[in-house]
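Read-outs: derived from the displayed coordinates by stated rules, not from any lab. Since this is a predicted model, take the numbers as computed values, not measurements. Positions of Cβ are backbone-derived with ideal geometry, glycine not excepted, and every protein chain shown enters the neighbour counts.
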Amino acid sequence: MNVKKNFVVYISTEHKALLVSMCEILEKKYNCNVIIIARDKYVKKFISKFREFKDTDIVFNDYKISIDENDIIKKSSFIEKKYNFNFAMAIFEDRGLGQGYLFNVSRHPHIGKSMWSHEKKIKFILEDFLKFEKILQDSDVYIGRWANKLVSSIMDYNNKKYFCLASVRLGDRRFWSDDNYITSSILIENIKKIKSQDLSNYKEIDYKVDKFTKKANTNLKFNYISSFKEFLKIFYKNTKSLIRRNYKKDSYGYLGWAKPAFRRVNNYRFIKKIGKKPKDLKKYDIVYLTLHLEPEVSTLAFTPEFNNSMEIIANISKCIPTSSVLVVKEHIHSYGVRSKSYYNLINKIGNVFWSYPDIDSFEWLRNSKVIVSMTGTVGFEAVYFKKPVISFGKHQLINHLDTVFYCNNYFDCKNAIKKIYENSLNDKNFEHSKKVLSKTQYENSFDLDGHAETKNSSELVLDIAKKALENLFKNFF
């Protein structure tokens, strides 16, 4: 890279140490100009432990933009046309502003700003958009923890680059995503090329689960002792914020997360009571669907076009033959935010069953005829298990495989089921898809052992940051 680049690095609460480490290396090794955007004063305080917070650095929440109240709709309409940006979708993707869209998690704690007027919600997004527009005007490259639609709209318009570090869903391997959906131009280009290759002699890489994901999904306990301990943490944290007068009135209410901590025990026990195991459904062909954690970035941002799990369940149920049943497995972290009526309503559908909660997902994968996925890892796992996939996530990498059927409505779903049940796919197709995915994942990612542990690190992680940046510059500059 011959020309000196201007990098903007947005640092929020997760992986602060990793991003600060990247700033240090960008300046010292790559001779880049770096502007840091700290989300708030607390992130600024963390950054200041390791480096001087320069005059050019910015605390995003304190950065002021003046907007005439009478100009909100006019300005937002101009931005929509100029940047091909949609404010309504941005509101949906914000779990607070868009809480009214959370149909499937009705017991998610109330968020104050969900009751704002339409114009106030537009103003909130507009302020952030105008902040980013001004901050990014002289930048060449943006790096953040997650993809940000406001940022990407601005950077795309100006033909500039934006990145976030993402899991390729193969153990601890990572890649740089340069789009909004945790894929990348490189991944998509290469999966298309590899798909046309003869892979008969290629030995695929063994599938591995991300260590951080595995840990996060095994630490939760469903008993009242565990719930009471969680309640005490919530009580301490919320009360401390209340006393210090830094409680956000437009966010979750005081002790808002206390009830879900106890509700999850009852819901878990209910599903355990009615849930089925593979041996209970031996006479049927099984279609398997895992629900996502809701609300979460994976459903709000990565598959915003179609993420209503109730609608997906209904579509699959109406399309499968009488010889089949749909098995739905709840996400381990969603028991507390759903209502019992949600579980009961689905349980009334004759050909839909809840999975016994303690059954490992791999056991269902082995015993299923078809796998249904929105944007989760289960779709990738299904390819490794040589199973056909019905994908409701428009932006999934696996959609480029011949054994994956992308659907966004009832008719797509019906056609996909028809093709699968007519045995239009054979073992050769499944073997090829498995090798294509494996080769694409491995050759377009790099091992970043220790990355998961940097999420809450209080010390710089220069070695990990160095390795990540070396891959970024190698592939994109």
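Some values worked out for this structure:
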read-out	value
Phi to ³J(HN,Hα) by Karplus 6.51 cos²θ - 1.76 cosθ + 1.60 over region 310-327, Hz, x for Gly, Pro	5, 5, 4, 4, 5, 4, 4, 4, 6, 9, 7, x, 5, 7, 10, 9, 9, 10
Burial order of peptide ranges 445-453, 61-69, 177-185 (average beta-carbon count within 10 Å, highest first)	177-185, 445-453, 61-69
Compactness relative to 2.2 N^0.38 Å, alpha carbon Rg of region 275-443	0.98
Protection proxy ranking of 311-323, 145-157 - average other beta-carbon atoms within 10 Å, highest first	145-157, 311-323
15 Å beta-carbon shell around ILE194, net charge (K/R +1, D/E -1)	+1
Where a label projected 7 Å from the Cα of TYR224 along Cα→Cβ would reach, residues of region 252-289 with amide N under 11 Å	266
Positive minus negative residues near VAL141 (Lys, Arg vs Asp, Glu; Cβ under 11 Å)	+1
For TYR142, residues with placed amide H under 5 Å, excluding near neighbours	VAL8, LYS161, TYR162, PHE163
Angle in degrees between helix 258-274 and the longest Cα principal axis of the chain, rounded to the nearest 10	20
Approximate spin-label separation ASP206-MET115, in nm, with each point projected 7 Å along Cα-to-Cβ	5.5
Gap separating the Cα centres of region 34-103 and region 387-406, nearest whole Å	33
For peptides 279-289, 48-58, sequence by mean Cβ density within 10 Å, most packed first	279-289, 48-58
Antiparallel content of DSSP bridges confined to the chain, in %, to 5	15
Cα long-axis angle, helix 72-83 against the chain (0 to 90 degrees, to the nearest 10)	70
At R0 = 25 Å, FRET efficiency that the Cβ-Cβ distance of ILE359 and LYS237 yields, to 0.05	0.15
Estimated distance in nm for a label pair at LYS276 and ASN456, the labels positioned 7 Å out from Cα along Cα-to-Cβ	3.9
Linear extension gain, TYR157 paired with THR13, 0.36 nm per residue minus alpha-carbon span	49.0 nm
Other-chain or far-sequence residues with amide H under 5 Å of SER324's (modelled H)	ASP285
Derived scalar couplings ³J(HN,Hα) [region 7-13; Karplus, 6.51 cos²θ - 1.76 cosθ + 1.60; whole Hz; x for Gly, Pro]	9, 10, 10, 8, 10, 10, 7
Angle between the chain longest axis and helix 118-135 axis [Cα atoms, degrees, rounded to 10]	60
Expected 222 nm ellipticity per residue - DSSP helices of 4 or more, -39500 (n - 2.57), all of the chain, to 500	-13000 deg cm²/dmol
Using a Förster distance of 35 Å, the FRET efficiency for LYS54-ASP250 (Cβ separation, nearest 0.05)	0.70
Among (i) 161; (ii) 130; (iii) 388, the entry derived from the coordinates for volume of the Cα convex hull per residue in Å³	(i)
Virtual spin-label span in nm between SER341 and ASN415, 7 Å along Cα→Cβ	3.7
